[in-house]
Each structure stands twice: as C-alpha cells, then as structure tokens.
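Asks: Mind having a look at this structure? Questions to follow.
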Amino acid sequence: MLVRGFHQSLDRGDQMSTYLLGISGFTTTLARATVGAMRDELPYVAPPMPRVPQYIERMGDLFSASRRHMFEDGYARAARVLREMDEVRPTSGDHHSKRCLIHLGMQTNQTARFAQHDWRIRQLVEEILFTRILHIDLNRQREQLRRWANSA
C-alpha cells in the first residue's frame, strides 16, 4: 500500500506540473501576444518568439525537456485559440484576434509605446486572464493542487 500510495503521489505531482506549466505557457503566450498586437502595425497577431522567453528561462522551472514540452504545449494551445478566432469569420482589416488582444491590452490602462513597460503590461494581462476570463484563483488552486498531489 505504501508503494502504491507513493506511486500515486508521484503521478499526481506530474499531473500538477503538467497543468501548472501548461496554463503558464498559455497565459504567458497570450500576454506576450497582447503586447505584440498593441505594438505591431500588422493586421494579424504574429506568434511571439522565442516560444520560451528569457525571463521564463531565468526562473529555472523548465530544467528538463519534458517540463519545457509542457510549457510549449500551453504556447501551442494559445496559438490555436488565436488562429481559430481568425478562421471563424474572415475580416477585412485587422483580424479578430488582434482586435481582442488590443482590447485586452487597453484594459491594463498602460501603453505599449515604451519597451520598459512591456513587463508591466504582460503582468496585468496575465492577471486579467486569470481573474476575469478564466476565473481562476491561483492561490486557492495552488493549495488544492498541493493537497491533491500530497494525498495518498
């Protein structure tokens, strides 16, 4: 029973990491795309490159290929959402995804004119995504996931 419980705990820990890194990749990508939409004059949203930005690399959470893949899966899901928004109905002028991201960026009451404010816009957009759009309380979820992963 102890071995089985330990195995379940490890499996749950892996699932928790998959979820957290995936949602992080998803929201980070949308936040970076928002800054790009506000700044670029293109009528569409260009996917932010590189897939994993330097500030995420420096955090040290993506120390293995599998963890990087989990983050990049969130990146791919965000790109699919933006692509799907634009394929629903053809537009003339700016694409739907660009309009939506600009609107999201405007909700931060910041401007994308200066590079030193990019981090603040990204941070505020991520907060809007979590609280208003996804309705996720990160602190509550973090505690629930910790309890779930540690249960046997």
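Bear in mind these aren't lab numbers, they're just calculated from the coordinates by the rules spelled out. If you're wondering where the values come from, they're calculated on a predicted model, not measured in any experiment. Methodologically, a virtual Cβ is constructed for each residue, glycine included, from the backbone with ideal geometry; neighbour enumeration extends over all protein chains shown.
Asks: Going by how many other Cβ atoms sit within 10 Å of their own, how do Glu57, Glu72 line up, fewest first?
Replies: Exposure proxy ranking, most exposed first: Glu57, Glu72.
Asks: Suppose every Lys and Arg Cβ carries +1 and every Asp and Glu Cβ carries -1, with no other charges. What dipole size does the chain come out with about its Cα centre, to the nearest 20 debye? The partial results should precede the final answer.
Replies: Working: 22 positive and 17 negative charges, 52 e Å.
With Lys and Arg at +1 and Asp and Glu at -1, about 260 debye.
Asks: Now a separate question. Nearest 0.05, what FRET efficiency do Arg132 and Ser17 give at R0 = 35 Å with Cβ-Cβ as r?
Replies: 0.85
Asks: Can you put Tyr44, Tyr55 in order of Cβ neighbours within 10 angstrom, beginning with the fewest?
Replies: Exposure proxy ranking, most exposed first: Tyr55, Tyr44.
Asks: Near the amide H of Gln110, under 5 Å away, which other amide H atoms are found, from residues 5 or more places off or on another chain, if H is placed in the peptide plane?
Replies: Here the answer is none, since no amide H 5 or more places off falls under 5 Å of that of Gln110.
Asks: Here's a follow-up. In nm, what is the difference between 0.36 nm times the number of residues separating Ser92 and Arg146 and their Cα-Cα distance? Show your work: numbers first, answer last.
Replies: Working: separation 54, 0.36 × 54 = 19.44 nm, distance 4.74 nm.
Extending this stretch completely gives an extra 14.7 nm.
Asks: Computed from the coordinates I sent, Rg and Dmax of the Cα atoms in Å equals one of [x] 17.6, 62; [y] 17.0, 63; [z] 19.0, 75. Tell me the label.
Replies: Label [x] holds the value from this structure.
Asks: So, one more: In whole Hz, with x marking every Gly and Pro, tabulate ³J(HN,Hα) for segment 42-56 from phi via Karplus 6.51 cos²θ - 1.76 cosθ + 1.60, θ = phi - 60°.
Replies: Values, residue by residue: 5, x, 10, 8, 7, x, x, 10, x, 4, 10, x, 4, 5, 6 Hz.
Asks: Once the Cβ-Cβ distance between Val81 and His103 is put in as r, and R0 is 22 Å, what FRET efficiency do you end up with, to the nearest 0.05? Before the final figure, lay out each step's value.
Replies: Values: r = 15 Å, r/R0 = 0.68.
Efficiency for this residue pair is about 0.90.
Asks: What does the extension gain come out to for Glu57 and Gln123, with contour length at 0.36 nm per residue minus their alpha carbon separation?
Replies: Between Glu57 and Gln123, full extension yields 22.1 nm more.
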